[in-house]
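Structure first, then comments.
Bear in mind that the values in this text are calculations on the coordinates, not laboratory data. All values derive from a computational prediction rather than experimental measurement. In this analysis, Cβ positions are derived from the backbone assuming ideal geometry, glycine residues included, and neighbour counts consider all displayed protein chains.
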Amino acid sequence: MYKITVDRGHALVKIEMRAMLDVADSARLVSELIAQITEARLASYALILDIAQCPIQSQQMIAAMGEHLTKMQRVRAIAIVTGAMLARLQVRRIFSQPFTRFTSTYDEALRWVLSGVEPGGASTPG
C-alpha cells in the first residue's frame, strides 16, 4: 500500500505509494510519517513522494492527504515522482509550495531535494 523510508544521513524522507488509499489510510500514513520523523529527530528534511506506480486516487483521499502534508513545517524541499499525467495534475492542485517540484523519475527527484538540480537539468541559483 505505502512505504515510508527515513534516511537520517541525508535528512530525507521517502514515501512510496503503490495502491488505492482511503481517507483512513491517509491518516495512518501521516501519523506514521510524523512518528518516524520525530523518532529520527529531523530538524528539517526533504520529502520525496513517489506515486509513479500508484493508481489515480479518490478526490477525498487527495484532499485529506493534502490537508496533512502541505502543513508539514520542517520540509525544505518536496519532489513528487509521478507516472501518468493525470496523477501529476491531481496532486499539483494541493502541492503549490515554491519548494515543490514534479519529476518523472526517482533519480531526478533525488537530485532536486539533495542538490537543488531542477528537473530537466538546471541548478537553482545558490
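What the table below lists for this structure:
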quantity	calculated
Total charge dipole magnitude, the chain, about the Cα centre, Cβ charges on Lys, Arg, Asp, Glu only, Debye to nearest 20	240
Top of 23, 113, 81 by mean-square fluctuation, Gaussian network on the chain, Cα under 10 Å	23
Packing rank of 36-45, 54-63, where each peptide gets the mean count of other beta carbons within 10 Å, highest leading	54-63, 36-45
Helical contribution to [θ] at 222 nm, DSSP H n ≥ 4, -39,500 (n - 2.57), averaged over the chain, rounded to 500	-11500 deg cm²/dmol
Per-residue HN-Hα couplings for the stretch 3-17 [Karplus 6.51, -1.76, 1.60; θ = phi - 60°; Hz; x = Gly/Pro]	9, 10, 10, 10, 9, 4, x, 9, 6, 10, 10, 10, 10, 10, 10
Top of 50, 107, 25 by mean-square fluctuation, Gaussian network on the chain, Cα under 10 Å	107
Most fluctuating residue given options 70, 82, 103, as computed from a GNM of the chain linking Cα atoms under 10 Å	70
Amide H within-cut-off set for residue 48, under 5 Å, with H built and near neighbours excluded	13, 14, 15, 79
13 Å reach of a label modelled at residue 3, 7 Å along Cα-to-Cβ, counting backbone N of the stretch 10-43	14-19
For residue 102, residues with placed amide H under 5 Å, excluding near neighbours	80
Residue 22 paired with residue 43, simple spin-label distance in nm, labels 7 Å along Cα-to-beta-carbon	4.2
